Structures are given as structure tokens and as C-alpha cells.
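Working notes, structure below.
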Amino acid sequence: MKEWEKVIKNNEIEIYKQHQEESPSVIVRASAYLKNIDYETVFENIYNIETRKKWDELCCNFKVVEEKEDLSVIYYSLKNQFSLLVSTRDFC
């Protein structure tokens with residue numbers, strides 16, 4: 001597997017990307033350090049599709065495809081901002 005390439009890392013956020021072999025896709029991994037926000041609020045704003053659509057303008061489709069004891073696999077698609085250049089993206 002290829003190494004993760006650091007895009008940005010500071011006191012508030014870390015973003016890494018990884019190019020996929022034999023594919024134009026790029027996987028992005030990110031962590032944010034949120035001050036004075038409890039984890040329930042963060043979870044609600046990311047995991048609840050209706051809440052997420054209120055702040056995430058790119059959110060197109062979002063569904064849980066698999067749940068385990070402490071893990072959820074989520075299908076997430078983004079609206080296409082560049083319709084002439086690329087197609088709508090799906091993330092899982």
C-alpha cells in the first residue's frame with residue numbers, strides 16, 4: 001500500500017491523501033481538533049444525514065451499509081461542483 005502524503009498539519013487539523021494505483025481516485029484522511037464541542041454533537045452533525053445536509057453543501061447521499069459493534073461503514077456521495085470536468089463522487 002502506498003504511503004500517506006501530508007497535505008496540512010497544524011494544531012487544529014491534519015489532512016493526508018493517498019493516490020490509488022490503477023485509478024484516478026484519491027483517498028483523503030482527516031482529523032480535526034475541536035475545542036469546547038462534545039463528541040455527541042460532533043457525531044450528530046456527521047452521522048445524521050438531515051443534520052449534515054444543513055451544513056454540508058456537498059452532501060448528496062449518505063447511508064450506513066454495514067454496522068458492527070464499534071464500527072460503521074458509510075456510503076457517502078458528494079455533489080459535483082465541476083460538472084464539465086468530473087462526475088459526482090462516491091465515498092465509502
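The values are calculated or read from the model by the stated rules, or taken from the named source; none is laboratory data. Just so we're clear, the structure is a prediction, and the values are computed from it rather than from any experiment. Positions of Cβ are generated from backbone atoms using ideal geometry, with glycine treated the same way; all protein chains shown enter the neighbour counts.
Checking the conditions here, which among E5, E50 is surrounded by fewer than 12 Cβ atoms within 10 Å (Cβ to Cβ) and in contact with a Lys or Arg (Cβ under 8 Å, 6 or more places away or on another chain)?
Numbers: E50 fails: in contact with a Lys or Arg (Cβ under 8 Å, 6 or more places away or on another chain).
Exactly one residue qualifies, and that residue is E5.
Return a yes/no flag: does segment 45-52 have any residue that is at pLDDT 80 or above, touching a helix residue (DSSP H, G or I) at 6+ places or on another chain (Cβ under 8 Å) and of a type in the set (S, T, Y).
Yes.
Can you find, within segment 11-47, the residue that is surrounded by the most Cβ atoms within 10 Å (Cβ to Cβ) among those that are of a type in the set (S, T, Y) and within 22 Å of F62 (Cα to Cα)?
Y47
Given the criteria modelled with pLDDT of 80 or more and surrounded by 13 or more Cβ atoms within 10 Å (Cβ to Cβ), does I74 qualify? Break it down into steps so the answer makes sense when it comes.
On the way: modelled with pLDDT of 80 or more: no; surrounded by 13 or more Cβ atoms within 10 Å (Cβ to Cβ): yes.
No: the conditions fail for I74.
Give all pairs with beta carbons closer than 6 Å in which a residue from segment 19-48 that is closer than 20 Å to I8 by Cβ meets a residue that is of a type outside the set (A, V, I, L, M); count only pairs at least 6 apart in sequence or on separate chains.
V26/K17; V26/H19; I27/Q18; V28/K17; R29/Y16; S31/E14; Y33/E12
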